[in-house]
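See below for the structure under consideration.
The values are calculated or read from the model by the stated rules, or taken from the named source; none is laboratory data. These figures come from a predicted structure and were not determined experimentally. Virtual Cβ from ideal backbone geometry, glycine too; neighbours counted across all protein chains shown. Only protein heavy atoms, including side chains, enter the accessible area calculation; ligands, DNA and RNA are left aside. Shrake-Rupley method; radii C 1.70, N 1.55, O 1.52, S 1.80 Å.
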Amino acid sequence: MSGKDISKDVLKAVKTKTGKSVTEKDIHKLASNVKPATMQSEEQLRQLIKQVASLVNVPVSEQTMNEIVKAVKGSKLNPNNMEALMKMMTGKK
């Protein structure tokens, strides 16, 4: 899967799940600040969730945020493998 395919898949997933359109530039800007440590730090992960929610203008409850944090931290994904994370988020195998 190439980077372009991932970008298009992420944009499509965001639009499908939120009904909001975001640009590839928006996604790249946000993703450029995500490091493997972001997925390991609860504080950084919560900040990322808030940034994504703000980008698509969708409120995220504390309960939902807790569930997302738990799912990400509980997943066995290698935080250095962002492609695997994108596949998980877009539902691709």
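Structure values in brief
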{"quantity": "LYS35 farther than 23 Å from SER75 by Cβ and either exposed (fewer than 15 other Cβ atoms within 10 Å of the Cβ) or within 12 Å of the chain's Cα centre (by Cα) (or both)", "calculated": "no"}
{"quantity": "The range 7-56 - residue that is closer than 17 Å to ILE68 by Cβ and not in a helix (DSSP H, G or I) and, of those, modelled with the highest pLDDT", "calculated": "SER41"}
{"quantity": "Filtered residues of the range 38-60 (kept if within 18 Å of SER75 (Cβ to Cβ) and touching a Pro at 6+ places or on another chain (Cβ under 9 Å))", "calculated": "THR38, MET39, GLN40"}
{"quantity": "Of all residues in the range 57-82 being open to solvent by 50 Å² or more (accessible area, probe 1.4 Å) and within 11 Å of the chain's Cα centre (by Cα), the one that is modelled with the highest pLDDT", "calculated": "ILE68"}
{"quantity": "Residue list for the range 38-55, filter: under 12 Å from the mean Cα position of the chain (by Cα) and open to solvent by less than 50 Å² (accessible area, probe 1.4 Å)", "calculated": "THR38, MET39, LEU45, ARG46, LEU48, ILE49, ALA53"}
